[in-house]
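These notes concern the structure reproduced below.
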Amino acid sequence: MIPTAMAFADKTTANGYLLVLAIILPVIGILLSLVFGGRSVERVAMVLLPVGLAVAVAVFGLVWRDQQSLVYIVGGWHPPLGIALRADGISAAMMLTTAIVICATGIFARGEFSQPRGSPETRASQVFWILLLGIWSGLNTVVLGDDLFNLYVALELLTFAAVPLVSLKGYQETIKAALRYMLFALLGSVLYLLGTVLIYGAYGTLDISLLSGRVQPEPVAWIAASLMTIGLLAKTALFPLHLWLPPAHAGAPAPGSAVLSALVVKGSFFLIVRLWFDAMPGLMSFASSQILGTLGAGAILFGSVLALRQQRLKLLIAYSTIAQIGYLFFIFPLAAAVGVDEPWAATAWTGGWLQLFSHAFAKASMFMAAGLIAEALGHDRIAELGGIGRVLPITVFTFGLAGLSLMGVPPSGGFVAKWLLLLATVMEGQWWWAAVMLAGGLLAGGYIFMVLGKALASATVPLKIVAPVSRSREMVALTLALFAILLGFLPLQPSEFLQIGRPEVLGVITR
Amino acid sequence: MTYVFVFEVGLAALLLAIAVWTIVVRATFAAIVFFMIYGLLAAIVWVRLFAVDVALTEAAIGGGLTGMLMLGAAARLREIENSGEKPGLPMRLAAGMLCTLISAALGIVVFSLPDVAPTLAPMAKANLAQTGLGNPVAAVLFAYRAFDTLLEKVVLLLALVGVWSLAPDRVWGGVPGFRVYAQPSSILVFLAQLLPPIGIMIGVYMFWTGASYPGGAFQGGTVLAAMWLLVMIARLQPVPAISLRPLRLLLVVGPVIFIAIGLLGFVLADAFLAYPAGYSKPLIIVAEATLTLSIGVTLGLLVAGPPEWKTQQ
Amino acid sequence: MTLAFDIFTVVAVSAGSFFFMAGTVGLLRFPDTMTRLHALTKVDNLGLGLIVVGLLPRAEGLLGALKLLSVWIFVQLAGAIVSQLVARVARREGRHT
Amino acid sequence: MNSATLFGFCGAILVGLGLFGLITNPQLLRKILAFNVLGTGVFLLFGVIARRGAAAGLEGDPVPQALVITGIVVAFSATTMAVVLLLRLYQETGEATISPDDTSAGTDGSRS
């Protein structure tokens, strides 16, 4: 069944309050943590993780069951004067992914940021949990927000929680990385805000649903959208605005890297999609979609080649993030600028989102695995990984599983995603992207096997294990990798769920 | 009209000149002083744009608090001033061209904005009675878009956690390294004794009047923060350790009350952050009062910086 | 009566502006910190003072007049104290000559 | 030309100016200062839009005015965080600049 385009519900739907809870619960956690401090901080987080996950599951389930968006009108003030929250198909899926990754990260992080009983409170353990909750609240606002300025505040929430996470270790190189990240992020936000201002000036509303009916193809809309897109690209670290990402993501503590690479950069990507598909549907020209696609292609090639040349595991994974982000941008040439009649647009749309979700699981698990390896060895130099496969078989297996998804080898979410994208490129006659994707897959295979090859080889120098690795933390990483694999069992066809609540339903191949 | 316009052209020209100077002047200290003047001029522009609430915020934060923060940083960075290489001429030319292009594009947009500007003013005005407030800006901040305001408080607190997170491990929970003078002079102490009572009164007045006239929690909170900082500079009060429980309570009391009122809306007014009919003004005043306090403490601590000592010096 | 007030306002504000001008010229032309401070304090004191006095008849009620006066008093206070502080630094760093 | 348009152009120029400073000045403190100039420019444009929206007896559209207040507070928080990061960098390295070419500096493997 093809979901028909439906008018936006402009009133609170049943159970809409869940959307408020998704944003406010982590905020309450932050406030409690600030007051009580000490061991309570971790306890607060441990209580909130399952509750937040339950909220996300409930929202996902309700959107699935009712086949329509959940809406909440905050304070009863309707847009354009007030602010609405809206969970459509992509928000619900994104929320669920976020909740799973955050929960796994929280469990994983207990090994690193727990406060032993009776010891004085330490900086990292206090700060980490507050920032984790901050990121969660920020991401939920990003995916649920329906108001461009509310989304600006959400972006800032995300930035202010993410930057200190980068410098949490307090080494000089991580402070440098955090500062560089901060500058890019600030420039990004201010450009986004500038675009928002112009849109309000031209159309008198900031509500995305209302904008979708008002925006005209005219210079002010193009200028505003370009400014916002450039700003968001800087935050997403799309090539060539990626300079800040590798040191930042590699420098954070492993659970931090997991969240930053898996989720935070996706937040700003999500807004680019919201902007072009929902706020200004049909406005993207062929040329601009090709520019975004080309930058994505550049990211895939550049990121993968650089990943191959890294000597440190965490940097390799960070460069791989740059490459994997590139795939997401094929959504624009393949689904945004082709018109609603293009039968393969929905295929590309599904492929793009699956790439996002499977990369989130795979990359989080990969950073955790790398963190465990670095913990065990006291370093993460790839050349000296020989023999680690015997010491930490589960972790190396996890790395390999996650790697499958990055390469796009079946069965994995990455495979389904890349297959759908590939199918769309060929069927839409934009075969040039297909060439890049194939090259990207090969290069990803190159850097994954480079690591696995070293890890599974016998030790050239006797391996020194400096710290024991907890089995339960290995299992957390493995579980996330399994989620990435599990997505691989989704049917190889466009998803209807991901189109719920969209203003224009993308073309679907009819059989 | 024409006299006023001549004045405004002069104002705009002065603002731009000062801005250019802020960017290009060689000495960092001079740049910051120019930036503070720039903030005050911008506040006058806001008055000319009939946005007095914004003018107050810009003067207090843009001209005042930011300048203070920057001056403190510049003093610490004094030894390495003018280090770092300027990018070469081609790079600067390219940047200049790019920026001119962006300015030009924005200029065209300004010129081509719709003749009949789309506006929410009538809607904001029409619903004003329902909020019980007289100041439409306050109604936007605390009723129509209260959710933004709430999240923005969280942004402030996260920024503070971020600032604190940069403390060295051994001094976590300790005292911010906020020192301006080795030994404050007697005249400064005099000022710090004289001004705060008046300043606190003005801060409270700003929040109180904000319900009906320009003013509000942000502006009032900034004045409170300034008074607190002055007292700390003069060493009449020690800089508090960040682990102090009462301090933490002050930080969160505003957001906690605001969220509590918001959640109450679920029960009593059928929406989060909705106010029960007839009670909206008193509830908003309660929220604003506690927020003023929390904003004041948060801003003060943001300027005071991360802990640098384990205990009181 | 109104005319008399208007004339008073014009004269006082003009005189105040003159002091502003003179003080600014002094700030730019005087050779050292101390004399520049001297020029500046004249601006605060007389320049602003005359303008405030000139505007008093046009104030909205007693409260408005009080607000105007307190603007002057606070600027006085801040000006005097900041000048003191600047002068101390200048003397300590030996730049008073 | 009316005063709203005048200040609108003013805001447009300030945006370009701030951006220029942000790109070309090597010193981080000056970059942060330029970011603030840029921010004011953006806010001013919003204020102009608010002024143009004067209606219903209000001298300006209160919605953008309120948003600018929120924006100023957020920009201030950003400024403090950037400044504190910068001071910490100076404490650790004695530098207050970051060159564009040393992005490869990541974790020291032995400490991760």
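Please treat every number below as a calculation from the coordinates, not as lab data. Just so it is clear, the structure is predicted and the values come from calculations on it, not from any experiment. Cβ: placed from backbone, ideal geometry, glycine included. Neighbour counts: every protein chain shown.
Things worth noting here:
- 0 to 90° range, to nearest 10: angle between helix A:172-203 axis and chain A longest Cα axis: 10 degrees
- For C:ALA39, neighbours were defined as the other residues whose beta-carbon sits under 15 Å from its Cβ, and their charges (Lys and Arg +1, Asp and Glu -1) total +1.
- When the listed pairs A:LYS176/D:LYS31; B:LYS153/B:LYS310; A:LYS235/A:LYS314 are checked against a 24 Å cut-off, the alpha-carbon distance exceeds it for B:LYS153/B:LYS310.
- The stretch A:300-391 shape via C-alpha gyration tensor axes, a/c threshold 1.5: prolate
- The equivalent ellipsoid that matches the C-alpha gyration tensor of chain B spans semi-axes of 33, 32, 19 angstrom, in descending order.
- Each Cα pair under 8 Å and six or more residues apart adds its separation to the average, and for chain B the resulting relative contact order is 20 percent.
- When both the stretch A:365-421 and the stretch B:16-77 are represented by their alpha-carbon centers, they are found 50 Å apart.
- Candidate membrane-span-like segments in chain B, meaning DSSP H helices with Cα atoms spread over at least 24 Å of their own axis and a Kyte-Doolittle mean of 0.5 or above, are B:2-24, B:28-48, B:89-111, B:146-164, B:186-209, B:245-268, B:280-304, with no membrane implied.
- Highest to lowest packing among A:134-145, A:420-431, scored as the average C-beta count within 10 Å: A:134-145, A:420-431
- Order by protection proxy (mean Cβ within 10 Å, highest first), peptides A:236-244, B:68-76: A:236-244, B:68-76
- For chain B, the mean residue ellipticity at 222 nm estimated from helices alone is -22000 deg cm²/dmol, where every DSSP H run of n ≥ 4 contributes -39500 (n - 2.57) and the total is divided by all residues, rounded to the nearest 500.
- Exposure proxy ranking, count of Cβ atoms within 10 Å, fewest first, for B:GLU85, D:GLU95, A:GLU218: B:GLU85, A:GLU218, D:GLU95
- Among the residues of B:244-253, the average count of other protein chain beta-carbon atoms within 10 Å of the residue beta-carbon is 2.
- Contact order, relative form, for the stretch D:3-95: 25 percent (alpha carbon pairs under 8 Å, 6 or more residues apart, mean separation divided by residue count).
- Extent of the stretch B:1-76 along its three principal axes (Cα atoms, max minus min coordinate, largest first): 47, 26, 11 Å.
- Pairwise Cα separations in the protein assembly as shown fall into 10 Å bins from 0 onward with the following percentages, short to long: 2, 11, 21, 25, 21, 12, 5, 2, 1, 0, 0.
- Across the stretch A:81-98, computed HN-Hα scalar couplings (Karplus, 6.51 cos²θ - 1.76 cosθ + 1.60, θ = phi - 60°) run 6, x, 10, 10, 10, 9, 10, 9, x, 5, 5, 4, 5, 5, 4, 5, 4, 4 Hz from first to last residue, x flagging Gly and Pro.
- Cross-link partners of A:LYS418 among lysines (Cα-Cα below 22 Å; sequence separation of 8 or more within a chain): A:LYS266, A:LYS363
- Modelled FRET efficiency - R0 51 Å, A:ALA435 with B:LYS86, Cβ distances, 0.05 increments: 0.75
- Crossing angle, helix A:123-144 versus chain A [Cα axis fit, 0-90 degrees, rounded to tens]: 20 degrees
- Descending semi-axes in whole angstrom, ellipsoid equivalent of the stretch B:157-233, from the Cα gyration tensor: 28, 21, 7
- Ranking of A:ILE130, A:ILE28 by count of other Cβ atoms within 10 Å, fewest first: A:ILE28, A:ILE130
- Relative contact order (%) - criterion: Cα under 8 Å, at least six apart; region: chain A: 16 percent
- Hits among lysines - C-alpha to C-alpha of A:LYS11 under 23 Å, sequence gap 8 or more where chains match: B:LYS125
- Candidate lysines - alpha carbon under 28 Å from C:LYS67, same-chain residues fewer than 8 apart omitted: B:LYS281, C:LYS42
- Each principal axis of the Cα cloud of the stretch A:305-511 was evaluated for its coordinate range; sorted largest first, these ranges are 62, 32, 23 Å.
- Calculated mean residue ellipticity at 222 nm for chain A: -22500 deg cm²/dmol, from DSSP H runs with n ≥ 4 weighted as -39500 (n - 2.57), summed, divided by the residue count and rounded to 500.
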